[in-house]
Amino acid sequence: MRPFVSRAAVALLGVFTALPVAPVSRLMAEDDAAKPAATKKVEVGGVLEAVRVKEITADTEQLSSLKIKRLLDHGSVVSQGQALVWFETEPVDKKIKDAEIALRLSRMSLEAAEFAHEQAIANEEIERGKAERAIAKARQDHENFMSVDRERQVASAEFDVKNARASLENASEELEQLEQMYKEDDLTEASEEIVLKRARQAVENAQFRLEGVEISTERSITQSLPNTVANQEDALAVAEMAHEKAMRDFAAAGERREIEINKTREAFEEEEKKLDELHQERARVMLSSPIDGIALHGSLNRGRLGDKPSQLAKGTTVAGNQVVMTVVDPRRLQVRVDLSEAQLATVHEGDTCTVTFASKPDLELKGEVSSVSLVPYASTKYDCVVKLPGMPKNAGLKPLMTCKLTFEIEHEDTEAKEEAAD
């Protein structure tokens, strides 16, 4: 019996050996493919944020601070146009009164400056005319001297010499005639001597005068005339420089007056603008809501209130550009999320998630990632916005409520891979 069993076992073993055997790795792969993919849940916290938000501020420039007279309670439901905040009007009215006085004084200064400007322009025209006449006279004097007077002085000097020479010749001729006549006439010797003496003196005087005129003429032509020409040239040059300086002074004075009058006019316009802005800002002593919604004290930071409660109340002073209240529309909400840098690897734009709410434990909504910031808004915090496309109108959700977002991320089962490797 034992040999028979052994032969049968050997034969059966040969049959099994001849059958095709599938690889173990393929069988494991097929088994893995049959299994559903493993998922990993990632949870992040968020806050409900109104899509439509309006910040309420006095938006004043002239009024640097405002004192609250009255304001609605935090969380009040308001309608469009409803008053939210009232401010004290007495400080505003005092500023307006002071601005009106400043504007009157500025207008008086402008009128005085404009009158002085007109007077200066008229006086400048007179002075400009004087300067033009002065340079014209200097040029005419120079032209007269160079074209007429210089030659006239030379001719006059030469004429003086000629006249002196003629006088000498006349006196000499008279002396010769007298001497000839006295030789022929029967005049007494005493009378003859007297007449001849006087004639000789006349000749001597004419001779002396001729010499003086010749010296004077020579000096006039060679010395005085060149000096006079140089003086005329200098006088014209000085007149030209004085005229040029006067023109430059007129231009500079005119430009200076234009700058000053423009500054005065701008100061007046600034006072006028200031008063107009004060009147406009006076109308903002009551701020109303631009939309229907919920009024919140202060401002929101990424859909959240500050850690400390608002201190705004009656008697509180706020800055002109300070956000006093924020009105949020609760009808359209989205989720604002802070992502860490590590969560950027699992949350992407377009991903979907499940949104649950602490205040509504039975409510579960689908969310869709609308945007993820490329850079952090603070330290390592990245901004993320999630839309709620299927939110029902009667869900009872309000802005500022917190929520939890759950993302299901597919990942590989590392334990199964390790077992398969073994």
**Request:** Please list, or write none, the lysines whose alpha carbon is within less than 24 Å of the alpha carbon of K393, excluding same-chain residues fewer than 8 places away.
**Result:** K54, K360, K366, K404
**Request:** Give the residues of the range 250-282 whose amide nitrogen is closer than 16 Å to a point set 7 Å from the Cα of T89 in the direction of its Cβ.
**Result:** 278-282
**Environment charge of N231, counting only residues whose C-beta is closer than 14 Å and scoring Lys/Arg +1, Asp/Glu -1** = -3
**Complete:** With the convex hull built on the alpha-carbon atoms of the chain, volume per residue in Å³ sits at 409 Å³
**Request:** Go through the range 400-409 residue by residue and turn each phi into a ³J(HN,Hα) via Karplus (6.51, -1.76, 1.60, θ = phi - 60°); whole Hz please, and just put x for glycine and proline.
**Result:** 5, 5, 8, 8, 10, 10, 10, 9, 9, 10
**Message:** How charged is the neighbourhood of R165? Take every other residue with its Cβ under 11 Å from the Cβ of R165, and add Lys/Arg as +1 and Asp/Glu as -1.
**Reply:** -3
**In sequence order, calculated HN-Hα J values of the range 243-257 (Karplus, 6.51, -1.76, 1.60; Hz; x Gly/Pro)** = 5, 5, 5, 4, 5, 5, 5, 4, 5, 5, 5, x, 5, 5, 5
**Fill in**
To the nearest 20 debye, the chain has a Cα-centred charge dipole, built from +1 on Lys and Arg Cβ and -1 on Asp and Glu Cβ, of 5000 debye
**Request:** Normalising by the residue count of the chain, find the relative contact order in percent from Cα pairs under 8 Å and 6+ residues apart.
**Result:** 35 percent
**Request:** For the chain, find the longest principal axis of its Cα atoms and tell me its angle to the long axis of helix 24-34, 0 to 90°, nearest 10.
**Result:** 80 degrees
**Complete:** Per the rule of 0.36 nm per residue minus the C-alpha distance, extending V148 to S224 adds in nm 25.7 nm
**Asked** Near the amide H of I56, under 5 Å away, which other amide H atoms are found, from residues 5 or more places off or on another chain, if H is placed in the peptide plane?
**Response** V324, M325, T326, V327
**Request:** State, to one decimal in nm, how far the label point of N170 lies from the label point of K97, with both points 7 Å from Cα in the Cβ direction.
**Result:** 10.1 nm
**Fill in**
Under 5 Å from the placed amide H of S288, counting only residues 5+ away or on other chains, we find L84
**Message:** If you consider only alpha-carbon coordinates, what radius of gyration and Dmax does the range 93-282 have, in Å?
**Reply:** 38.8, 131
**Message:** Counting only other residues whose beta carbon sits under 13 Å from that of S289, what net charge do I get with K and R as +1, D and E as -1?
**Reply:** -1
**Request:** Only Lys, Arg, Asp and Glu count, each charged at its Cβ (+1, +1, -1, -1), so figure out the dipole size of the range 198-309 about its Cα centre, rounded to 20 debye.
**Result:** 340 debye
**Complete:** What helix-only [θ] at 222 nm does the chain give? Using -39500 (n - 2.57) per DSSP H run of at least 4, over all residues, to the nearest 500, the answer is -18500 deg cm²/dmol
**Among V148, V369, V328, residue whose mean-square fluctuation peaks in a GNM of the chain (springs only between Cα atoms under 10 Å)** = V148
**Complete:** Mean separation of Cα contacts under 8 Å (at least 6 apart) over the residue count of the range 93-282, i.e. the relative contact order in percent, is 49 percent
**For L312, residues with placed amide H under 5 Å, excluding near neighbours** = none
**Lys pairs, the range 93-282 - Cα-Cα below 22 angstrom, 8 or more residues apart or on other chains** = 11
**Request:** Work from the charge dipole of the range 275-422 (Cβ charges, +1 for Lys and Arg, -1 for Asp and Glu, about the Cα centre) and give the residue of L363, L388, N301 farthest towards its positive end.
**Result:** N301
**Request:** In debye, nearest 20, what is the charge dipole magnitude of the range 93-282 about its Cα centre with +1 on Lys and Arg Cβ and -1 on Asp and Glu Cβ, if you could check?
**Result:** 1100 debye
**Complete:** Karplus ³J(HN,Hα) for the range 334-349 (6.51 cos²θ - 1.76 cosθ + 1.60, θ = phi - 60°; Hz, whole; x = Gly/Pro) runs 9, 10, 9, 10, 9, 9, 7, 5, 5, 6, 5, 6, 10, 10, 10, 4
**Asked** Using the per-residue mean of other Cβ atoms lying within 10 Å as a proxy for protection, in what order, highest first, do the peptides 298-306, 343-351 fall?
**Response** 298-306, 343-351
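Every number here is computed from the coordinates shown, using simple stated rules; none is lab data. From a predicted model like this one, the values you see are computed outputs, not experimental measurements. Note: ideal-geometry Cβ built from the backbone for every residue, glycine included; neighbour counts use all protein chains shown.
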